[in-house]
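Heads up: the structure comes next, in structure tokens.
The values are calculated or read from the model by the stated rules, or taken from the named source; none is laboratory data. Note that the coordinates shown come from a computational prediction; the quantities given were computed from them, not determined experimentally. Glycine also receives a Cβ, built like all others from the backbone with ideal geometry; neighbour counts cover every protein chain displayed.
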Amino acid sequence: MNARDLANRLRARFGELVSEPTEFRGEWTVRLNEAERVVDVCEYAKQTLGFDFLLDITSLDNYGEDPRWTVVYELYGLAHRSHLRLKLNVSEELSELPTISGVWRTADWHEREIYDLMGIRFRGHPDLRRIIMWEGYPYFPLRKDFPLAGKPTALPDLAFTETAPLEGGPFVTTPGGKDAIEREPRARTPEG
């Protein structure tokens, strides 16, 4: 059974909740139309369809559009060697999803990273706290409205007391520099 057949079985089971499968460059994707049912869909994908490996969960910021975010679940079945992508739109007003860490334990860290860097919360998560940025950091640095040059912070005794985290931004490179240090992407000042 291939990914297309499995995606069609998912659609047959959940009907209008799951979109028609679409193919791009040999990869199959379905969209979920209701955020609250993501756990049911994932449990069925794992238990019945054999997608026993959660490769990744990522999020996209569609800044300026509604819904604001897209959460993407990358599934793989070790036995049938099929890959399936589930996409779910999340509005800025909702900005919360049920956790799927009860389906795949590896979702724990993926969901924490999405919360930490994008600000999407996962209801029912066993340990939803920052995983990269420090506790108390007031921003979500992967959002498109977060400036590339960083934001000044008034938080004393933390890693940054001025503009954080890319002082001076934006990143540029110097092509063909004489050494690796000169070619390294970094925030450039007018002097160099």
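The number of residues in segment 98-135 that are over 28 Å from Gly150 (Cβ atoms), of a type in the set (A, V, I, L, M) and in contact with a Leu (Cβ under 7 Å, 6 or more places away or on another chain) comes to 1. Taken over segment 23-44, the criterion of being acidic (Asp, Glu) and free of Cβ contacts under 8 Å to residues at least 40 places away in the same chain is satisfied by Glu23, Glu34, Asp40.
A quick yes/no check of all residues on (1) surrounded by 15 or more Cβ atoms within 10 Å (Cβ to Cβ); (2) under 12 Å from the mean Cα position of the chain (by Cα); (3) not aliphatic (A, V, I, L, M):
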residue	(1), (2), (3)
Gly26	no, no, yes
Val30	yes, no, no
Gln47	no, no, yes
Asp52	yes, no, yes
Trp69	yes, yes, yes
Tyr115	yes, yes, yes
Leu128	yes, no, no
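If the condition is being touching a Leu at 6+ places or on another chain (Cβ under 9 Å), assigned to a strand (DSSP E or B) and farther than 16 Å from Tyr76 by Cα, then segment 31-61 contributes Arg31, Leu32, Ser59, Asp61. Residues in segment 59-78 that are small (Gly, Ala, Ser) and modelled with pLDDT of 95 or more were compared, and the one that is nearest to Glu27 (Cα to Cα) is Gly77.
Please indicate, with yes or no, whether at least one residue in segment 56-73 is more than 28 Å from Tyr139 (Cβ to Cβ) and of a type in the set (Phe, Trp, Tyr). No, that holds for no residue.
Does Gly64 satisfy being over 21 Å from Gly102 (Cα atoms), assigned by TED's automatic domain parsing to the domain that holds Phe122 and part of a helix (DSSP H, G or I)? The answer is no for Gly64. Each residue in segment 82-106 was checked for being in a loop (DSSP other than H, G, I, E, B) and either modelled with pLDDT of 95 or more or β-branched (Val, Ile, Thr) (or both), and 8 of them qualify.
Looking across segment 1-30 at every residue that is of a type in the set (S, T, N, Q) and within 17 Å of Tyr76 (Cβ to Cβ), the one that is modelled with the highest pLDDT is identified as Thr29. Within segment 111-139, residues that are in a helix (DSSP H, G or I) sit with their Cβ atoms under 8 Å from residues that are at pLDDT 95 or above and hydroxyl-bearing (Ser, Thr, Tyr), at 6+ positions apart or across chains, in these pairs: Glu111/Thr99; Glu111/Ser101; Ile114/Thr58; Ile114/Ser59; Met118/Ser59.
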